[in-house]
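**Student:** Pasting a structure below so you can have a look.
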Amino acid sequence: MVIRCRLRAYDQTERAKVIKLSFHGAAGTVTGSKYLLDVNGKRILIDCGMFQGKHELRERNWKQLPFEPSTVSAVVLTHAHIDHIGYLPRLVKEGFYGTIFCTPPTAEITRISLMDTAELQMEDAEFRNKKHATRHAPALPLFTVDDVDDTLKLLETVNFNEWIEFSPEFRFRYHVVGHLLGAACIEVRMNDNGREVSILFSGDIGRFGNPLVKNPAEPPTCDYLVCESTYGGRMHPAEDPYFQFDELVDRIVKEKRVLVVPAFAVGRTQQIIYLVDDLVRHKRIMPIDIHVDSPMAVDATDIYIKYHDYHALDLEQLDGIGSVLNGKRVHLHRTRASSKKLNDLKGPAIIISSSGMLSGGRVMHHMIHRLPDPGTTVALVGFMAEGTLGRKLLDGDRQVFIHKMPIEVRAEIVVVSSLSGHADYYEILHWLEPIKTPPKTTFITHGEPDQSLAMSEHLVKERGWQTLIPKLDQSVEL
Ligand SMILES: [Zn+2]
């Protein structure tokens, strides 16, 4: 009898072990988000991001995944930043053929963003092979536009707050989380033969009061939480971005400088155009030309016009968002030739070009050309991951290397952190406020180690929550 009891107890424990969560990205670092959920042999992946920044991280994009892509039934995306979607074409190339769920704006941004990344990767490989600037012979793109085409066929759009039950083991729904048009946190409910477990993936948590997205919605109470910690140990300046930007652009106009803003073509680019337009309309600054140097920018602006229900801009007051984002002072540069011509541009002017972390893209040629020029100001407005040129400029390096060429930094470097798209730790705590029953464990991810540790300490000390900072490829049982 005793033995039978023990056996039953053992069986119970075994039963409890068949729900598994594995962290295959954004653990110990900010990029490469990939969380694998395993219920009774069925698998889904939350986000499928590319590793960016340090060389050893980027190398991971080329390593074999610790799971077989064809065994994953679905990928559920939080939002369309490359560190959350940039590995999708590779996953498909390696055998994934399930469904990729996302919100409608995320599908559109994913389309233009993956196409742009594939083209950049292909151009970069060609450039390296031509210049023999590669240790790999030949240099190859991580994925091609054909791989992106295959990926886009798998996208399925889902609205916010709608339960999607796609297998007896998994159902999920999206909640608004700000950050980027269409961005969501994901509430997943898993069922293992009658045992229900819920988990909330925060995705990237936005900030309150950004008109280009909606405010993050109240998060639901869940058994487990996976929480980002990009700014887990920092607080953004209380200063309104409006005033910080007002002073900066006013000075750019008066001193006839060229302001270069490295920014992703979707989201921040529109935010800056909107801010400048608003400052001009309120006669706080003189009009200034804005050059958006991105082949994606036209499509990106159209997405904002099409999905006006997903942001908080007052269309009536603005006389149509298109008139602001396509204003006569806004010049769009689609071609490479048109982008190169910007080298002759004299101030006052603003150039917005991607990538946002200065980790590739057209902005790099502007950096080669303009960093040695004291008449240039570079505004760092977003998060800069370790190993990126953006981080080196943020750290005050006066000499940097681009394509192995030494470049002297004589340009002025300014930080406009109040324009950040990520909540700081205080805002994350505020967002989590409605959760009155603490999750059994909160997994702290998507942060550099010091930031994740700080976020963990805030939750432990201020909320009394139990936390765990997972290591890369660590699995836990839920
Ligand atoms: Zn993001």
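**Student:** Hey, any hits in segment 7-19 for a residue that's acidic (D, E) and at pLDDT below 90?
**Tutor:** yes
**Student:** Looking at (1) farther than 25 Å from A184 by Cα; (2) within 16 Å of the ligand (Cβ to nearest atom), which is the one condition that is false for L140?
**Tutor:** (2)
**Student:** Then there is this: When you look at G375, is it of a type outside the set (F, W, Y) and within 16 Å of the ligand (Cβ to nearest atom), yes or no?
**Tutor:** no
**Student:** Got at least one residue in segment 213-221 being closer than 26 Å to I368 by Cα and either buried (at least 23 other Cβ atoms within 10 Å of the Cβ) or in contact with a Cys (Cβ under 6 Å, 6 or more places away or on another chain) (or both)? If you could, list the steps in order and put the result at the bottom.
**Tutor:** Here is the first cut: in segment 213-221, the residues closer than 26 Å to I368 by Cα are none.
No.
Residue by residue, here is whether (1) hydroxyl-bearing (S, T, Y); (2) at pLDDT 95 or above; (3) over 25 Å from Q271 (Cβ atoms) holds:
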residue: F401; (1), (2), (3): no, no, yes
residue: K440; (1), (2), (3): no, yes, yes
residue: S452; (1), (2), (3): yes, yes, yes
residue: W465; (1), (2), (3): no, yes, yes
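Condition check ((1) within 15 Å of I109 (Cα to Cα); (2) within 16 Å of the ligand (Cβ to nearest atom); (3) buried (at least 16 other Cβ atoms within 10 Å of the Cβ)) across all residues:
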position	(1), (2), (3)
E169	no, no, yes
F172	no, no, yes
G182	yes, yes, yes
R189	no, no, yes
G194	no, no, no
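**Student:** Is there a residue being at pLDDT below 90, within 18 Å of A107 (Cα to Cα) and touching a Ser or Thr at 6+ places or on another chain (Cβ under 6 Å) anywhere in segment 273-294?
**Tutor:** no
**Student:** Quick check on segment 53-100: of everything there that is among the polar types (S, T, N, Q) and not in a helix (DSSP H, G or I), which residue is nearest to H175 (Cα to Cα)? Even if it seems obvious, please write down each step before you answer.
**Tutor:** Residues of segment 53-100 that are among the polar types (S, T, N, Q), as a first pass: 61, 64, 70-71, 73, 78, 99.
Next cut, not in a helix (DSSP H, G or I) only: 64, 73, 78, 99.
Working: Q64: 32, S73: 22, T78: 10, T99: 20 Å.
Result: T78.
**Student:** Moving to a separate point now. Any residue in segment 117-137 that is within 16 Å of the ligand (Cβ to nearest atom) and either modelled with pLDDT under 95 or not assigned by TED's automatic domain parsing to the domain that holds D309 (or both)?
**Tutor:** Scanning segment 117-137 turns up at least one residue that is within 16 Å of the ligand (Cβ to nearest atom) and either modelled with pLDDT under 95 or not assigned by TED's automatic domain parsing to the domain that holds D309 (or both).
**Student:** What do you reckon, is I46 within 16 Å of the ligand (Cβ to nearest atom), free of Cβ contacts under 8 Å to residues at least 40 places away in the same chain and in the same structural domain as F172 (by TED's automatic domain parsing)?
**Tutor:** no
**Student:** What helices (runs of 4 or more DSSP H) completely inside segment 364-478 contain at least 2 residues that are surrounded by 15 or more Cβ atoms within 10 Å (Cβ to Cβ), in contact with a His (Cβ under 9 Å, 6 or more places away or on another chain) and among the aliphatic types (A, V, I, L, M)?
**Tutor:** The qualifying helices (runs of 4 or more DSSP H) are 425-432.
**Student:** Of everything in segment 407-421, what is at pLDDT below 95 and over 19 Å from R251 (Cβ atoms)? Give them in sequence order.
**Tutor:** Answer for segment 407-421, where residues must be at pLDDT below 95 and over 19 Å from R251 (Cβ atoms): S420, G421.
**Student:** Further, regarding this structure: Please enumerate the residues belonging to segment 270-300 that are over 15 Å from A349 (Cβ atoms) and under 24 Å from the mean Cα position of the chain (by Cα).
**Tutor:** Answer for segment 270-300, where residues must be over 15 Å from A349 (Cβ atoms) and under 24 Å from the mean Cα position of the chain (by Cα): Q270, Q271, Y274, L275, S294, P295, M296, A297, V298, D299, A300.
**Student:** Restricting to segment 88-115, name every residue that is closer than 16 Å to N61 by Cα, touching a Phe, Trp or Tyr at 6+ places or on another chain (Cβ under 9 Å) and in contact (Cβ under 8 Å) with a residue 40 or more places away in the chain.
**Tutor:** Within segment 88-115, L88, P89, R90, V92, K93 meet the criteria.
**Student:** Further, regarding this structure: Quick one: count up the residues across segment 410-421 that are out of contact with any strand residue (DSSP E or B) (no Cβ under 6 Å at 6 or more places or on another chain) and either of a type in the set (G, A, S) or over 29 Å from A238 (Cα atoms) (or both).
**Tutor:** Keep residues of segment 410-421 that are out of contact with any strand residue (DSSP E or B) (no Cβ under 6 Å at 6 or more places or on another chain), which gives 410, 417-421.
If we keep only those that are either of a type in the set (G, A, S) or over 29 Å from A238 (Cα atoms) (or both) as well, we get 410, 417-418, 420-421.
Going through segment 410-421 one residue at a time, the tally reaches 5.
The values are calculated or read from the model by the stated rules, or taken from the named source; none is laboratory data. Here the structure is a predicted model, which means the values were calculated and not measured. Please note: Cβ atoms are built from the backbone with ideal geometry, for glycine as well, and neighbour counts cover all protein chains shown.
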